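Engineer: Below is the structure I would like to discuss, written out as structure tokens.
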Amino acid sequence: MDEMQLMTSFDDDLLLDELRRVFGAIDPVPEPVRAAARAAIEWRTIDAELAALVSDSMIDEPLLAVRGTAELRMLTFEASELTIELEAEPAGDDTLTLVGQLVPPQPAQIAIRHGSDVIATQADERGRFVACGVGAGQVSLSLRLDDRSGARRLVETAWLSI
Amino acid sequence: MQLAAAGDRAAWNTLVERYEGLLWGIARSHRLDQPSASDVVQTTWLRLVEHIDRLRNPEALAGWLAATARNECLRVLRHQSRLIPTDDDSMPVDSVPPVDDARLLERERDAELWRAFATLPARCQSLLRMLALDPAPSYEEIGTALGMAVGSIGPTRGRCLEGLRSALTKLRITTTPPGSYG
């Protein structure tokens, strides 16, 4: 009797044990996901730097709004050595799609708070991120970055109505 | 949980270790790819960080996490379906990751089991994935995580495992070269 024949004769619990092993081998929880989870508690405790709003297409380019091309709102926030460029586009269901770019480009864990809710996303190595289904209203972004010296850094934007 | 709420890192890490498999399993059971699954899991942890002061009953935590993760999966799927028009029938039945990953498996036996698993209906793949978690969630938690009636989990479990066995048998027949039965 070989192993395959053995497996088809396994009882339910043994078969589940085999599956557990295979899931562990083929699709384990990725290490970055585990690391981000362990760090999630720090969002409570680290003091955040504020990233200030330095440009807002709705204020800076009101003519575009008049022409009806301002569905896409462009925002820029600045903190020390970090610029956050953000585009907010209505998704047609009272939610917004946020597309962002960090300058200089760098990965980051991002928490987008809207109202009392929060959505997590991440910026890739090129500093790009996207979040769908962000409720319209008061929104704030928190970013957790690892700077070059390996120190953790938390940056928060001011709350903004979008 | 109270220690974690107070910012105790070790207590928080214990919580993460205990439930990360559950959350990852839920996200993957909803056929989310790795980046989306990662976002769903992290969103769930952030919501826990924000709500942990208000969760009084530690025994309710797994259910709360399962419900939060499922809602978040559904939200992400809703938005994905808007971006990429698709209907349920056209979705591939194989849950992520694809069968190609079977080559990563060291043992042929694991690869066979994985291929057999990938032929099961999506519902079975999701349920078996939940049932195979360590620590095993309760039927209530699985019901919450997958939107299934608790009473249907036991019978579905039996059917799905039976389906897995017959898929294994079928693979065995189709992959065995003719004549090798002697």
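Engineer: Got a sec? Which of A:Ala36, A:Ala52 is surrounded by 14 or more Cβ atoms within 10 Å (Cβ to Cβ), touching a residue at least 40 places away in the same chain (Cβ under 8 Å) and more than 30 Å from B:Gly163 (Cα to Cα)? Step through it out loud before you land on a result.
Structural biologist: On the way: A:Ala52 fails: surrounded by 14 or more Cβ atoms within 10 Å (Cβ to Cβ).
One residue alone meets the criteria, A:Ala36.
So that you can scan it fast, the table gives a plain yes or no per residue for (1) assigned to a loop (DSSP other than H, G, I, E, B); (2) more than 13 Å from chain A (Cβ to nearest Cβ); (3) closer than 19 Å to A:Ile26 by Cβ:
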residue: B:Trp114; (1), (2), (3): no, no, yes
residue: B:Cys124; (1), (2), (3): no, no, yes
residue: B:Leu133; (1), (2), (3): yes, no, yes
residue: B:Glu141; (1), (2), (3): no, yes, no
residue: B:Pro155; (1), (2), (3): no, no, no
residue: B:Cys160; (1), (2), (3): no, no, yes
residue: B:Ser166; (1), (2), (3): no, no, no
residue: B:Lys170; (1), (2), (3): no, no, no
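Engineer: Out of all the residues in segment B:52-80, which are outside any helix (DSSP H, G or I) and either open to solvent by less than 60 Å² (accessible area, probe 1.4 Å) or within 30 Å of A:Glu89 (Cβ to Cβ) (or both)?
Structural biologist: Taking segment B:52-80 and keeping what is outside any helix (DSSP H, G or I), we get B:52-57.
Residues satisfying the conditions are B:Ile52, B:Leu55.
Engineer: Being over 23 Å from B:Arg129 (Cβ atoms) and at the interface with chain A (Cβ under 7 Å from one of its Cβ atoms) is the filter; apply it to segment B:5-17 and report the residue that is most open to solvent (accessible area, probe 1.4 Å).
Structural biologist: If we take residues in segment B:5-17 being over 23 Å from B:Arg129 (Cβ atoms) and at the interface with chain A (Cβ under 7 Å from one of its Cβ atoms), then B:Arg9 is most open to solvent (accessible area, probe 1.4 Å).
Engineer: Condition first: in a helix (DSSP H, G or I) and more than 7 Å from chain A (Cβ to nearest Cβ). Now tell me which residues in segment B:18-33 satisfy that.
Structural biologist: Pass one, segment B:18-33, residues in a helix (DSSP H, G or I): B:18-29.
Those that are in a helix (DSSP H, G or I) and more than 7 Å from chain A (Cβ to nearest Cβ): B:Arg18, B:Tyr19, B:Leu22, B:Leu23, B:Gly25, B:Ile26, B:Ala27, B:Ser29.
Engineer: Scan segment A:96-149 for residues that are assigned to a loop (DSSP other than H, G, I, E, B) and open to solvent by less than 50 Å² (accessible area, probe 1.4 Å) and jot them down. Before the answer, list the steps.
Structural biologist: Filtering segment A:96-149 for residues assigned to a loop (DSSP other than H, G, I, E, B) gives A:104-107, A:115-116, A:124-127, A:136-137, A:147-149.
Within segment A:96-149, A:Gln106, A:Gly127, A:Gly137 meet the criteria.
Engineer: Restricting the search to segment A:150-159, which residues are crowded, with 17+ Cβ neighbours inside 10 Å and closer than 20 Å to B:Glu50 by Cβ?
Structural biologist: Selection gives A:Leu154, A:Val155, A:Glu156, A:Thr157.
Engineer: Taking only segment A:13-37 into account, find how many residues are at the interface with chain B (Cβ under 7 Å from one of its Cβ atoms), within 19 Å of B:Ala118 (Cβ to Cβ) and outside any helix (DSSP H, G or I).
Structural biologist: 1
The values are calculated or read from the model by the stated rules, or taken from the named source; none is laboratory data. Please read all numbers here as calculations on a predicted model, not as lab measurements. Cβ coordinates were reconstructed from backbone atoms using ideal geometry, including for glycine residues, and neighbour counts include every protein chain displayed. Calculation scope for accessible area: heavy atoms of the full protein, side chains included, ligands and nucleic acids excluded. Shrake-Rupley method; radii C 1.70, N 1.55, O 1.52, S 1.80 Å.
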